[in-house]
1. If each of Ile312 and Lys225 carries a label point 7 Å out from its Cα toward its Cβ, how far apart are those two points in nm?
2. Whose amide H sits under 5 Å from the amide H of Trp111, counting only residues 5 or more places off or on another chain, with H placed in the peptide plane?
3. Would you mind calculating the relative contact order of the stretch 180-342 from Cα pairs under 8 angstrom and at least 6 residues apart, reporting the percent as a whole number?
4. When the distances between all Cα atoms of the stretch 180-342 are binned every 10 Å from zero, what whole-number percent does each bin get?
5. So which of Lys212/Lys295; Lys141/Lys234; Lys138/Lys319; Lys172/Lys212 end up more than 32 Å apart by C-alpha?
6. Relative to the compact-globule scaling 2.2 N^0.38 Å, provide the ratio for the alpha-carbon radius of gyration of the stretch 127-256.
7. Among 226-234, 199-207, how do they line up from the highest to the lowest mean number of other beta-carbon atoms within 10 Å?
8. Determine the gain in length on full extension of the stretch Tyr77-Val146; use 0.36 nm per residue of separation and subtract their C-alpha separation, reporting nm with one decimal.
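Derivation of every value follows stated rules applied to the coordinates shown; laboratory data play no part. All values derive from a computational prediction rather than experimental measurement. Cβ atoms come from the backbone with ideal geometry, glycine included; neighbour counts cover every protein chain shown.
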Amino acid sequence: MKKILVIAAAALAFAACSKTEVLMPEAASIDFAPNALSTKALVLPNGNAGTTQNFPDDQTFNVFAFADFDGPNANTYVTNYKTPLMNDVTIGNQNGDWKAILAPGEDPYLWPATGTVDFYAYYPSSLTAVFDTLAAPKGIKLNDVVLGSSVGDQIDPLVASTLAQSAPNKPKVGIVFKHITSQIAVTAFDATKTKSLRGKIALEKVTFKNMKTSGNYTEGSTTGKGTWSSINTKADFTSFSGKEVLDTLESYLSADQFSSAINNSAAFVVIPEDILEVDNTNNTHQYIEVQYSVKSYTVNGLVYPAIPTQTINIPLFGKGVTGETLQNGKRYVFHLGLSLDKANNEIMFAPQVDGWDTEDINGITVDVVNNVLMNN
């Protein structure tokens, strides 16, 4: 790894044969001002795309940086990929400043005196990353990414790039991280329209089956919109486990109780993948396994017994995911409504008027008598 040391030249001035003191300004170190777009695992999971949030002080990220020099033609530059300015360097918050974490005696990373610098970053630092200078476009590759299969313990991989940064006043590098996975969350509510039947359904468990959680990521021309390959590792995620009576108010599901906001929900991340059609074995396609029970209730004086735990499988295919493909940086919220209306439909009528039925009445004879008196 080569560090570029910059020494600012100062002019020597002489007046009346006496030397004027020359101050050598210190070259500025490279500092960062990182933000994250709606990070689930890092900050708050309820942010929206395009809304940046401060990167958490207790986390680190890694950076590749390359100096750009003037090219042979006007308004062109040449990037020095052979000798990185920063080669997979870990950045951390140190007394409020985001900068390289240095070993004892190691020199800081300094801005070059001229030209610009391209920065590429990824999170978390534990990932295995390389910078591919042969690809088009050039960029970060993350190999053997394993997200984890336990809700709340997954990693939320992020990438960022900030190009052609100059340092005339030695500014901090503004860098915005973006998600490269999909986020899944689920809400639940009592969809029963009949008021007297509401509040009878209890949700017991919601599990997403056959979700993919590992693979290789290659950055594309748009930050965070790269491609995944070697996708594997089927995992099941339990978004809710407990026994809570549903309300008509829609709530996000948390690990063991309902929550009013997604901040505390059991949202999890998966690698973007195609959603497969239903097969006959439930071994391949992705689906939601829902367990519920129903309390005993009375309708029109008739008592209906309680229904013990029931299980229903809901395939994800055909449920509205655009193109049947989970995409980078998207949150998918599945709204789950359970209803008793179909079990106890209201008594309703469809009245019609039948046509006339004709009956012939026979045997009525009227004898016609001439009642006019004839005078001869």
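1. Placing both labels 7 Å beyond Cα along the Cβ direction yields 3.8 nm.
2. Excluding prolines and chain starts, which carry no amide H, the hits are Ala28, Ile30.
3. Values: 399 pairs, mean separation 57.7, N = 163.
After rounding, I find 35 percent.
4. Pair shares across the bins are 10, 35, 31, 16, 6, 2, 0.
5. Working: Lys212/Lys295 36 Å; Lys141/Lys234 22 Å; Lys138/Lys319 36 Å; Lys172/Lys212 37 Å.
Correct reply: Lys212/Lys295; Lys138/Lys319; Lys172/Lys212.
6. Here the Cα radius of gyration is 1.52 times the empirical estimate.
7. On the way: 226-234: 14.3, 199-207: 19.4.
Peptide ranking by packing, descending: 199-207, 226-234.
8. On the way: separation 69, 0.36 × 69 = 24.84 nm, distance 3.74 nm.
Gain on extension, Tyr77 to Val146, equals 21.1 nm.
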